[in-house]
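Scroll down for the structure; my scribbles are underneath it.
The values are calculated or read from the model by the stated rules, or taken from the named source; none is laboratory data. This structure is a prediction, so every number in the text was calculated from the model and none was measured. Because the Cβ atoms are built from the backbone with ideal geometry, glycine has one as well, and the counts that use them run over all protein chains shown.
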Amino acid sequence: MGARRRLKLAVWKFASCDGCQLSLLDCEDELLALAGALEIAHFPEASRAVAKGPYDLSLVEGSITTPHDAERIHQVRRASKVLVTIGACATSGGIQALRNFADVGEWIPLVYATPDFIHTLKTSTPIANHVPVDFELHGCPVDKRQLLEVILATLNGRRPVLAAHSVCFECKRRGTVCVLVADGTPCLGPVTRTGCGAICPAYRRGCYGCFGPLKNPNTAALGERLRILGQSDADLVRAFRGINAGAEAFRRESESHEPR
């Protein structure tokens, strides 16, 4: 009986900071254990070696912000049997999606000495807006345990199993006193999916929504609660326009507090 073929893995970067790719490299010992089952065929962050596709699994970091990348993502999709987006940029447009609420044409001359050289889109959009995505892995950056679960699930031909509850659940599990209730600290934990282990509330800080909104979050109720605690409309717009500003639920809630 022949040896089992290794899974061909590719990692791709679009508009992002590389943090989610570094989360994969941070797996270290776990990656050594997977080395016999994986062939890293394309991963510029880790190696110059490049093997041709098709690829069994493509992990895609970053959002689509340029015409060139809008074309390139289709090439990646065609070369990939399974495509998984990793991180806030790839799943919601990232912090760069703040451009979606402004006129990019006005910003470019303020940043670049020669604006004529800049070819960019008016918006920063998630990968799923451009090609079919098989699975989305949220976070800024992604949690390495969740990342390993996605890889192991692909190796074994099953659907990844990830928790779907809120950050509040993690606070309860850690025994962390609710900063929203006890201290009146603004916190997006009730509407944010778990993944970070509720790190910020453990240090008496409110959740910033790094892992994006839950499925069907009650953002309106949280917005009203934050208003009772003294948050202004400007504060609420800023709270929901962070790392996942482009996520539909957070986008709608932020727009509901804009001046009419």
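Can you give me the number of residues within region 210-255 that are among the hydrophobic types (A, V, I, L, M, F, W, C), under 23 Å from residue 128 (Cα atoms) and in a loop (DSSP other than H, G, I, E, B)?
Going through region 210-255 one residue at a time, the tally reaches 6.
Counting only residues that are more than 22 Å from residue 196 (Cβ to Cβ) and touching a strand residue (DSSP E or B) at 6+ places or on another chain (Cβ under 9 Å), which one in region 115-127 is surrounded by the most Cβ atoms within 10 Å (Cβ to Cβ)?
124
With respect to the numbered conditions (1) assigned by TED's automatic domain parsing to the domain that holds residue 34; (2) modelled with pLDDT under 95; (3) closer than 30 Å to residue 37 by Cα, which one is the sole condition not fulfilled by residue 162?
That leaves (1) as the condition not met.
Given the condition in contact with a Gly (Cβ under 8 Å, 6 or more places away or on another chain), assigned to a helix (DSSP H, G or I) and in the same structural domain as residue 22 (by TED's automatic domain parsing), answer yes or no: does some residue in region 72-82 qualify?
No.
Residue by residue through region 144-160, note down the ones that are surrounded by fewer than 15 Cβ atoms within 10 Å (Cβ to Cβ), part of a loop (DSSP other than H, G, I, E, B) and not small (Gly, Ala, Ser).
156, 158, 159
Considering only residues that are in contact with a Gly (Cβ under 8 Å, 6 or more places away or on another chain) and in a helix (DSSP H, G or I), which ones fall in region 161-209?
Scanning region 161-209 gives 167, 168, 170, 171, 174, 179, 180, 189, 191, 200, 201.
I'm checking my understanding of the structure. Among residues of region 161-179 that are of a type in the set (Gly, Ala, Ser) and in contact (Cβ under 8 Å) with a residue 24 or more places away in the chain, which one is surrounded by the most Cβ atoms within 10 Å (Cβ to Cβ)?
166
Go through region 224-241 and report how many residues are small (Gly, Ala, Ser) and crowded, with 20+ Cβ neighbours inside 10 Å.
Within region 224-241, residues that are small (Gly, Ala, Ser) and crowded, with 20+ Cβ neighbours inside 10 Å number 1.
Any residue at all in region 180-187 that's among the hydrophobic types (A, V, I, L, M, F, W, C), surrounded by 22 or more Cβ atoms within 10 Å (Cβ to Cβ), in contact with a Cys (Cβ under 6 Å, 6 or more places away or on another chain) and within 23 Å of residue 147 (Cβ to Cβ)?
no
Quick check, is residue 64 β-branched (Val, Ile, Thr) and touching a residue at least 60 places away in the same chain (Cβ under 8 Å)?
So residue 64 passes the test.
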